[in-house]
Amino acid sequence: MTTLRRSWLLHDLFAMTKRSVLYSIRNLDTLLTAIILPVAMMLLFVFVFGGAINVGEYDYVNYVTPAIILMCIGYCAATTSVSIQVDMGTGIINRFRSMGVSRTCVLGGQVAASVMRNVLSTVIVILVAVLIGFRPSAGLLECGLIVLLLLAYTITFTWAALLFGLIAKTAESASVFGFVALLLPYLSSAFVPIETMPYALQIFATHQPFTPITDALRSLSFGVVDKMALIISLVWIVCLGLVAYLASLSVYKHKKQG
């Protein structure tokens, strides 16, 4: 790849990212919903249900906050599925194709904007959690691992949302992906220990990606590196992210040919 080609790709990627960020600002209600809903659920679980849930030696707010962060990231990233479907439906994607904009730049701009949105949403969730009693004990190493884990999770979930949006026929059907971000945490160790679930549900909860990612993030916030949970989390994230990335590019190319 020549230097000129790389500069054009970076220029296009920046332009697509800027466009996606401006789209988020114009649709501020969607962004606020993606932040307020998880925060409201955190307040609900901590102050209404938290006293009735036994999570061992930890305060419930410390137990549930990492899961709420993941839920907020997932739901915020899921809005990407709607935005890409709207672009497909309005024909703006065809305009980008006629301009020679790389598919990687078009989709990559969505991912970059999603990361920016989630940085904002994560900071807000953490600040609210601290106000209601969240007290992490993570050191410098654990904080670094937390940032990397959340970044990888955000990128993977956004590519999955893009894939769903590219496949969806309407914006309404694309919005269904947001329910995945809300449903999976309930079927994991996010709010209650897996051991308290019915046996059949324990099997599903143990073998779905949200559980090890939540466990890894929670242990890191406690200042402990759960190597097994971290390794399993990275395997899930890398595999799902790679599949979603390649499939998104393939679907985008197929629709171009169609």
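Of all the criteria given as (1) under 28 Å from Val86 (Cα atoms); (2) in contact (Cβ under 8 Å) with a residue 12 or more places away in the chain; (3) surrounded by fewer than 18 Cβ atoms within 10 Å (Cβ to Cβ), the one not satisfied by Met99 is (2). For segment 16-39, the criterion of being at pLDDT 85 or above and outside any helix (DSSP H, G or I) is met by none of the residues.
Taken together, Tyr199, Tyr153 contain a single residue that is among the hydroxyl-bearing types (Ser, Thr, Tyr) and either in contact with a Gly (Cβ under 9 Å, 6 or more places away or on another chain) or closer than 17 Å to Ile68 by Cβ (or both), which is Tyr153.
How many residues does segment 202-253 contain that are under 30 Å from Met88 (Cα atoms) and among the small types (Gly, Ala, Ser)? Looking only at that region, the number is 5. For first residues located in segment 29-51 and over 17 Å from Pro66 (Cα atoms), partners that are in a helix (DSSP H, G or I) and lie 6+ apart or on another chain with Cβ distances below 7 Å form the pairs Thr30/Thr79; Leu31/Ser24; Leu31/Arg117.
Across segment 149-179, the qualifying residues are those that are more than 13 Å from the chain's Cα centre (by Cα) and not small (Gly, Ala, Ser), and the one among them that is modelled with the lowest pLDDT is Glu172. Only one residue in Leu145, Leu70, Leu141 is within 21 Å of Pro212 (Cβ to Cβ), in a helix (DSSP H, G or I), touching a residue at least 24 places away in the same chain (Cβ under 8 Å) and out of contact with any helix residue (DSSP H, G or I) (no Cβ under 8 Å at 6 or more places or on another chain). Which one? Every option except Leu141 fails the conditions.
Every condition in (1) touching a residue at least 24 places away in the same chain (Cβ under 8 Å); (2) over 15 Å from the mean Cα position of the chain (by Cα); (3) farther than 18 Å from Ser189 by Cα holds for Met116 except the one numbered (2).
Can you confirm whether Leu220 is surrounded by 14 or more Cβ atoms within 10 Å (Cβ to Cβ), closer than 27 Å to Leu43 by Cα, in contact with a Leu (Cβ under 6 Å, 6 or more places away or on another chain) and touching a residue at least 60 places away in the same chain (Cβ under 8 Å)? The answer is yes for Leu220.
The values are calculated or read from the model by the stated rules, or taken from the named source; none is laboratory data. Everything numeric here is computed off the predicted structure, so don't read it as measured data. Ideal geometry is used to build each Cβ from the backbone, glycine not excepted, and the neighbour counts take in all protein chains shown.
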